[in-house]
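The structure that follows is given in the form of structure tokens.
The values are calculated or read from the model by the stated rules, or taken from the named source; none is laboratory data. The shown structure was predicted, so the numbers you read here are calculated from the model rather than taken from an experiment. Every residue, glycine as well, gets a Cβ built from its backbone with ideal geometry; the counts of neighbours run over all protein chains shown.
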Amino acid sequence: MSTRAPQSELWDVLRGALATRALAIVADLRISQALAEGARPVDDLAREAGADPDTLHRLLRALASDGVFIEEESGIFGNTPVSEQLLDSGWGAFAHLFGGAFYQALGALDESGKAAFPKLYDTDFWSWLADHPDERSIFDSAMEQGKAQRVDRFDGVEWRGDETVVDVGGGNGSLLVALLARQPGLRGIVFDLPETVRDHAALGDRIEFVEGSFFERVPEGDAYVLSTILHDWNDERAAAILRTIRAAASHDTRLILLEAVVPAGNEPDGAKWLDLLMLALFAGRERNEAQWRELLGTGGFEPTSIEDGLIQARCR
């Protein structure tokens, strides 16, 4: 149990949106990068960033009160281990999205069970990204964040050594590149929409990029990887993706999902909050073990292992 006053606990929840927006503004101004060599006066930071000095001071002061940045002397700010995370382009991209398009969608979240994003932007999130290539690039960069941990999850998979692995919705292919670096006998196919930002040279000669929609078809392969894809969709659409994969799969084909498994009880877990973001953006959801078993069965697969972060299944 927390020893903090209930009012303090409630206040931290209430003002969470302020922190989200403040962090996005500061991240977009690249303040962490400007502080990479050490603390600096806020007036200098504001002049370089084209920001109002008083406003930037107030933003940094509030963030510093939560340990994001530090005011070493009056008006002189520096990085902390927390703000240094923004030096990673993936975290900076997430800060932009959470304080921008995600922020707007969450502000319109209600009890209807319907996605809020289409009501605000008059289109779905993926079409919006296609129409805004700068945002698409930022989104792809955000998806890079945590790649090392996702690659580590593959250590729990027993690879056969000579398989063709299809990364469904694989973005720029960086996850598959990292996997094949560890498994030199594998070959790969990155399958995603044509507007995905990618560097074909970075894929190497063992990986092919194939354009298409996973609601229509997927390339044939020995193993299919979906990394945080199905949580973007409601059960009906997620099952449709699985059925598309099942139609292309052979009897021995394996399915590997890098997805959260929501735990029971009241313990803090990021997936419980991410679930609300999925609802606001797509009417998608994070799932618990029972929900994963039901979804996989509907899609034509039988789970062989369900762990938080790594779900494995075979064809039924």
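If the requirement is being modelled with pLDDT of 95 or more and aromatic (Phe, Trp, Tyr), which of these qualifies: Trp126, Trp91?
Trp91
Let me ask you something else. Just one of (1) buried (at least 18 other Cβ atoms within 10 Å of the Cβ); (2) in a helix (DSSP H, G or I) trips up Thr55, so point out which.
Of everything listed in (1) buried (at least 18 other Cβ atoms within 10 Å of the Cβ); (2) in a helix (DSSP H, G or I), Thr55 misses just condition (1).
On to the next question. From the list Asp252, Asp232, exactly one residue is acidic (Asp, Glu) and modelled with pLDDT of 95 or more. Which is it? Spell out the reasoning first.
Working: Asp252 fails: modelled with pLDDT of 95 or more.
Being acidic (Asp, Glu) and modelled with pLDDT of 95 or more holds for just one of Asp252, Asp232, which is Asp232.
Can you name every one of the strands (runs of 3 or more DSSP E) wholly within region 199-316 that holds 1 or more residues which are closer than 18 Å to Gly171 by Cβ, in contact (Cβ under 8 Å) with a residue 12 or more places away in the chain and touching a strand residue (DSSP E or B) at 6+ places or on another chain (Cβ under 8 Å)? Outline the logic, then answer.
On the way: elements: 207-211, 223-227, 254-258, 301-307, 310-315.
Strands (runs of 3 or more DSSP E) meeting the threshold: 207-211, 223-227, 254-258.
Buried (at least 17 other Cβ atoms within 10 Å of the Cβ), out of contact with any His (no Cβ under 9 Å at 6 or more places or on another chain) and not small (Gly, Ala, Ser): is that true of Leu87 in this structure? First the steps, then the outcome.
Working: buried (at least 17 other Cβ atoms within 10 Å of the Cβ): no; out of contact with any His (no Cβ under 9 Å at 6 or more places or on another chain): yes; not small (Gly, Ala, Ser): yes.
When the stated conditions are applied, Leu87 does not pass them.
Pull up region 113-146, narrow it to residues that are farther than 19 Å from Asp275 by Cα and small (Gly, Ala, Ser), then point me to the one that is surrounded by the most Cβ atoms within 10 Å (Cβ to Cβ).
Going through the qualifying residues, I end up with Ser141.
Within region 1-51, restricting attention to residues that are polar (S, T, N, Q) and not in a helix (DSSP H, G or I), which residue is farthest from Asp88 (Cα to Cα)? Steps first, please.
So the first thing to find is which residues in region 1-51 are polar (S, T, N, Q), and the list is 2-3, 7-8, 20, 32-33.
Retained after the next criterion (residues that are not in a helix (DSSP H, G or I)): 2-3.
Numbers: Ser2: 32, Thr3: 34 Å.
Taking the candidates together, the pick is Thr3.
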